[in-house]
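A quick write-up on the structure given underneath.
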Amino acid sequence: MLNFEFCSPTKFVFGKGMQSRVGELVKEFGGTRALIVYGGGSVVRSGLLAQVKDALDAAGVPYEELGGVKPNPRSDLVYEGIRICREKGLDFVLPVGGGSAIDTAKAIADGVPYDGDFWDFYCGKAKVTKALPHGCVLTIPAAGSEGSNSSVITKIEGNLKRGLSTEFHRPRFAVMNPELTFTLPRYQLACGVTDMMAHIMERYFTNTKDVDLTDRLAEALLVSIREAAAKAMADDHDYEAHATLMWAGMLAHNNSVGVGREQDWASHQIGHEISAKYDTAHGASLAVMFPAWMKYVYQHDVARFVQFATRVWAVDPAGKSDEEIALAGIEAMQAFFVSMGMPATLEQAGGCKEDIPALAAKVVNGKTGHFVELLPAQIEEILHIAAEK
Ligand code: NZQ
Ligand code: ZN
């Protein structure tokens, strides 16, 4: 196990009806005037936004609103949020929604006290040294932004989708009521399940030795997610299944299973280029990239892929070579994604083969990955695998 520091300071308030606590939580963490940030309208239609406003009113916390955040959130609303906070003297950012609303809120929180362009942080030109506090109400188990130190924003100029990790990005609190996810379209639920599994697998495929504890934690999470996803897809009011997914999505990405081990993240970085170019849902980009990446790299450590296949996907090793077991695990994982309605190929994810060189060339810094380090030519090969059935 490698040396590490781990601080996950978020207060998680989990369960039925917990959105009524949001006003007192904002006050608990020092907020006196809040900016509510939300997406394209699901929280309006479900009545959640009205409930959040009622809770803020009851706690005596005035607020402003910023709606319209799109999936793969863009920089324009970040600038708008920074402007509103400054003009109105707001001191707390309150996203109500999924990763896109939360990530927008994190970027706004960074930008308000900064005397410059918030994008400086996302392109590595400056480091966040102070930020407004933020806390969230989560409506989709997926990105894990409710417990992570990350935020991912697309800069409209240049169409650059970039992530930023800083401890300022850990929310002060996260309200997590699984009932709020009952209204999710199946496709969004499937995207979320794929994304949380991907967060675990980015950490699982490592060159670090003697990490059996985090291996086992990761495998337990993956199996629980697989089983709960099948139930949640079959019954959109199955509370226990949705509760399992909601908590698993947080655990998948607050780094509980990633500490002390080198992590990969190539599939995410290549997936971000697909989302930036075609506006593909994040989970859908991963459903295509992860199997392709695995098929390309499994020979680097077949034993690890055999462990993954047998422990997570219950592949029967009898009569199979290690290579066959490894490949059967990858096939089982991809079949599971497809069974939920996820795309199997680059084309199904909205992409086209002709763009592969440009996509590969754009991956951050021209190389990616740690399990196997990938240069643009290798990224192109992986994208070609993703383009095949
Ligand atoms: O916009 P609204 O109308 O709210 O609809 C959303 C959106 O269309 C809908 N939705 C969410 N909750 C719902 C609901 N519809 C009905 N009922 C509900 N309860 O779902 C759609 C997707 O929402 P979004 O917030 O985009 O989903 P997600 O949580 O998957 O976030 C994706 C973004 O997070 C980034 C991704 O790259 C992507 O931009 N990520 C953020 C990470 C982080 N901050 O740690 C890590 C991830 O790897 C990821 O990169
Ligand atoms: Zn992700």
Residues satisfying the stated conditions in the range 349-389, i.e. part of a helix (DSSP H, G or I), touching an Asp or Glu at 6+ places or on another chain (Cβ under 7 Å) and of a type in the set (Gly, Ala, Ser): ALA360, ALA387
Those residues of the range 360-383 which are open to solvent by less than 80 Å² (accessible area, probe 1.4 Å) and of a type in the set (A, V, I, L, M), in sequence order: ALA360, ALA361, VAL363, VAL364, VAL372, LEU374, ALA377, ILE379, ILE382, LEU383
Qualifying positions in the range 66-90 - of a type outside the set (Lys, Arg), in contact with a helix residue (DSSP H, G or I) (Cβ under 8 Å, 6 or more places away or on another chain) and not in a helix (DSSP H, G or I): LEU66, GLY67, GLY68, VAL69, PRO71, ASN72, PRO73, LEU90
Single unsatisfied condition, PHE6 versus (1) touching a helix residue (DSSP H, G or I) at 6+ places or on another chain (Cβ under 6 Å); (2) touching a residue at least 60 places away in the same chain (Cβ under 8 Å): (1)
ALA190 being more than 10 Å from ligand 1 (Cβ to nearest atom), within 24 Å of GLY40 (Cα to Cα) and modelled with pLDDT of 95 or more: yes
Residue list for the range 242-258, filter: open to solvent by less than 20 Å² (accessible area, probe 1.4 Å) and over 17 Å from HIS169 (Cβ atoms): HIS242, ALA243, LEU245, MET246, ALA248, VAL257
Flag if ILE225 is within 14 Å of ligand 2 (Cβ to nearest atom), more than 24 Å from LYS277 (Cα to Cα), part of a helix (DSSP H, G or I) and touching a residue at least 40 places away in the same chain (Cβ under 8 Å): no
When residues of the range 251-305 are limited to those that are among the charged types (D, E, K, R) and in a helix (DSSP H, G or I), the one nearest to ligand 1 (Cβ to nearest atom): GLU273
Residue ID - farthest from ligand 1 (Cβ to nearest atom), chosen from residues in the range 129-148 that are open to solvent by less than 20 Å² (accessible area, probe 1.4 Å) and under 13 Å from HIS169 (Cβ atoms): GLY135
Considering residues of the range 306-348 that are closer than 16 Å to VAL193 by Cβ and not in a helix (DSSP H, G or I) only, the residue nearest to the chain's Cα centre (by Cα): MET342
In the range 149-162, the residues that are more than 28 Å from ALA243 (Cβ to Cβ) and within 9 Å of ligand 1 (Cβ to nearest atom): ILE153, THR154, LYS161
Among (1) free of Cβ contacts under 8 Å to residues at least 40 places away in the same chain; (2) on the phi < 0 side of the Ramachandran plot - the single one ASN365 does not satisfy: (2)
Test result for THR183, within 12 Å of ligand 1 (Cβ to nearest atom), β-branched (Val, Ile, Thr) and either open to solvent by less than 20 Å² (accessible area, probe 1.4 Å) or in contact with a helix residue (DSSP H, G or I) (Cβ under 9 Å, 6 or more places away or on another chain) (or both): yes
Single match in SER75, SER100 (criterion: of a type in the set (Ser, Thr, Tyr), touching a residue at least 60 places away in the same chain (Cβ under 8 Å) and either within 16 Å of ligand 2 (Cβ to nearest atom) or farther than 21 Å from ALA143 by Cα (or both)): SER100
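The values are calculated or read from the model by the stated rules, or taken from the named source; none is laboratory data. None of the values given here were measured: they were computed from a predicted structure. Note that each Cβ is placed from the backbone with ideal geometry, even for glycine, and that neighbours are counted across all protein chains shown. Side chains included, ligands, DNA and RNA excluded: accessible areas come from the protein's heavy atoms. Shrake-Rupley method; radii C 1.70, N 1.55, O 1.52, S 1.80 Å.
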